[in-house]
1. Please sort by residue number the chymotrypsin sites (Phe, Trp or Tyr not before Pro) in the range 37-102 whose DSSP state is loop and whose Cβ has at most 11 other Cβ atoms within 10 Å.
2. Can you tell me the accessible area per residue over the range 36-99, all protein chains present, probe 1.4 angstrom, in square angstrom?
3. Explain nothing, just compute: Karplus ³J(HN,Hα) = 6.51 cos²θ - 1.76 cosθ + 1.60, θ = phi - 60°, for every residue of the range 28-39 in order, whole Hz, x for Gly and Pro.
4. Taking a virtual spin label 7 Å from the Cα of LEU95 along the C-beta vector, which residues in the range 6-32 bring their backbone nitrogen under 20 Å of it?
5. Run the numbers for LEU70 and ASP105: contour at 0.36 nm per residue of separation, minus the present Cα-Cα distance, in nm.
6. How far is it, in nm, from the label point at HIS51 to the one at PHE85 when both lie 7 Å from their Cα along the line to the Cβ?
7. Out of the trypsin sites (Lys or Arg not before Pro) in the range 18-72, which ones are loop residues according to DSSP with at most 15 other C-beta atoms within 10 Å?
8. How much of the accessible area of the range 42-94, in percent, comes from carbon and sulfur atoms when a 1.4 Å probe is used?
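The values are calculated or read from the model by the stated rules, or taken from the named source; none is laboratory data. Computed from a predicted structure; not experimentally measured. As a convention, Cβ positions derive from the backbone with ideal geometry for all residues, glycine included, and neighbour counts pool all protein chains shown. All accessible areas refer to the heavy atoms of the entire protein, side chains included, with ligands and DNA or RNA removed. Shrake-Rupley method; radii C 1.70, N 1.55, O 1.52, S 1.80 Å.
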Amino acid sequence: QSRVGCFIGDYSRTGLGTILNPGTSVGVMCDLLPAGFSLPRYVPSFSAVLHGQVAAGFTLEQLLETARILTRRQGGELSAVEEEFHRQLFDRTRLERERVVQRADQGRTSPWSASAAYKVGSGR
């Protein structure tokens, strides 16, 4: 039995009504859309959850622009160091992200992949 809440990385967003189990781990810069049931317990950085399954997320450039906007709303600015950190993290987590998305695609019963809703880009 889990006695911990969720771990949600910086700049990750959840839609209204998103249901997460205790102990869920969500990476940085993720988008989680509600599905009417609990979402996966693990969501790798820079990905999305669509229709209850992990899918490829927005491009890195789109995610960084969102982070810039969110930081400005709080009276700050996304530093060059933080931006470079996220670029390196994006590159270092690419294989893990692709593996999780591929596994989710193989488990879908629909001929249409939810990951096709987002275009995977290198962001550079």
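1. PHE37
2. I get 56 Å² per residue for this part.
3. 7, 6, 9, 10, 10, 9, x, 10, x, 8, 4, 8
4. 27-28
5. Length difference between fully extended and current span is 9.5 nm.
6. Modelled inter-label distance: 3.6 nm.
7. ARG41
8. For the range 42-94, the apolar C and S fraction of the accessible surface comes to 52 percent.
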